[in-house]
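*Asks:* Before we start, here is the structure in question, set down as structure tokens.
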Amino acid sequence: MVSQRQLELVAEGNVTVLLEHLGQRQRLWGEFELLERQLEPHKNIPPEKRTWECTEERQRTVAALNRCKELMEQILANDQKSLAQTAAQKDDVEAQLRRVQQGGNAARGYMRQSQLSR
């Protein structure tokens, strides 16, 4: 949901709310990193060698791990979309600024020309 909301905010172009959202997202990543550090001691033990209370617990854990992998893939895909959309928006704004600047330059030129011909 957090990743999807980010895509929506990028599409809306609301930079202020997007930055607030990214700050909240960063806090979530901090929590995930804490969980990862807590699980670190178990990483070197292959799942088949770990002690499980029952077969169902291991199956639930495998299912949860697979779901986490799917969600991570979705998050990364949404991040790529978000980056591409942001880059396109930046390019559009730059093009608009160039047009405004060119229009301003042309207007100043016409004004100078008008003043010279008086």
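*Asks:* Restricting attention to region 1-51, report how many residues are farther than 30 Å from D91 by Cβ and not hydrophobic (A, V, I, L, M, F, W, C).
*Replies:* Qualifying residue count, region 1-51: 18.
*Asks:* Residues to consider are C54, C68; find the one that is more than 25 Å from E12 (Cα to Cα) and under 23 Å from the mean Cα position of the chain (by Cα).
*Replies:* C68
*Asks:* To continue, here is another question. Taking region 13-25, which residues are in a helix (DSSP H, G or I) and surrounded by 10 or more Cβ atoms within 10 Å (Cβ to Cβ)?
*Replies:* Hits for region 13-25 are V15, V17, L18, L19, E20, H21, L22, Q24, R25.
*Asks:* Quick one: would you say R50 is touching a Phe, Trp or Tyr at 6+ places or on another chain (Cβ under 8 Å), surrounded by 10 or more Cβ atoms within 10 Å (Cβ to Cβ) and modelled with pLDDT under 90?
*Replies:* So R50 does not fit the description; no.
*Asks:* In this structure, is N78 touching a helix residue (DSSP H, G or I) at 6+ places or on another chain (Cβ under 7 Å) and part of a helix (DSSP H, G or I)?
*Replies:* yes
*Asks:* Is it true that some residue in region 5-12 is surrounded by 10 or more Cβ atoms within 10 Å (Cβ to Cβ), free of Cβ contacts under 8 Å to residues at least 12 places away in the same chain and part of a helix (DSSP H, G or I)?
*Replies:* Yes.
*Asks:* Which residues, counting only those in region 1-60, are under 24 Å from Q85 (Cβ atoms) and either touching a strand residue (DSSP E or B) at 6+ places or on another chain (Cβ under 9 Å) or among the β-branched types (V, I, T) (or both)?
*Replies:* V2, V10, V15, T16, V17, listed by residue number.
*Asks:* Could you list, ordered by first residue, the pairs with Cβ atoms under 8 Å in which the first is in region 17-40 and closer than 16 Å to D79 by Cβ and the second is of a type in the set (A, V, I, L, M, F, W, C) and part of a helix (DSSP H, G or I), at least 6 apart or interchain?
*Replies:* Matching pairs, first to second residue: L18/L9; L18/V10; H21/V2; H21/L9; Q24/V2; R25/V2; L28/V2.
*Asks:* Next question, about the same structure. Given the structure, is R60 part of a helix (DSSP H, G or I), at pLDDT 85 or above, basic (K, R) and surrounded by 11 or more Cβ atoms within 10 Å (Cβ to Cβ)?
*Replies:* yes
The values are calculated or read from the model by the stated rules, or taken from the named source; none is laboratory data. Just so it is clear, the structure is predicted and the values come from calculations on it, not from any experiment. Neighbour counts are summed over all protein chains in view; Cβ atoms, including those assigned to glycine, are modelled from backbone coordinates with ideal geometry.
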